[in-house]
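Please read the structure below before turning to the comments.
The values are calculated or read from the model by the stated rules, or taken from the named source; none is laboratory data. Predicted model only: the values in this text are computed from it and were never measured. Note that we place each Cβ from the backbone using ideal geometry, even for glycine, and neighbour counts take in every protein chain shown. In case anyone asks, the SASA skips ligands and DNA or RNA and just uses the protein heavy atoms, side chains included. Shrake-Rupley method; radii C 1.70, N 1.55, O 1.52, S 1.80 Å.
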Amino acid sequence: PRAVLQWNVGSYKDITHESLSLFRLLEPRIEILVLGTGDRVERLHPAVLKQMRACGIAVEVQDTPNACATFNFLTSEKRMAAAGLIPP
């Protein structure tokens, strides 16, 4: 179901295995997580991305405006998606 939750992340540097635990707990289970890292695409630690893939969740990292567009597109296709967005 559609929901808005507060994500306690201020910058891409705060994106960790622990901060992504919220997305692993969502029901129904999501298949893709779109992360918006602000004004520009930032590189996340590979271990964080690997842990999400191990849980069966694909991660797409983009700047926030493009992440919003990608999330909207995925949900319009009825995909089980979530977005973690850091304001630009």
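Just a few scattered comments:
- With the simple model of a label 7 Å out from the Cα in the direction of the Cβ, SER21 to ASN72 spans 3.4 nm.
- Each 5 Å bin, from zero up to the one with the longest distance, holds this percent of the alpha carbon pairs of the chain: 3, 15, 28, 29, 20, 6, 0.
- Within the accessible area of the stretch 12-85, the carbon and sulfur atoms contribute 54%, probe 1.4 Å, all protein chains present.
- Rolling a 1.4 Å probe across the protein heavy atoms gives the stretch 12-85 an accessible surface of 58 Å² per residue.
- Simple label model, 7 Å out from Cα along Cβ direction - ARG29 to LYS50, nm: 2.2 nm
- Cα extents of the stretch 19-61 along the three principal axes, largest first (Å): 30, 19, 16
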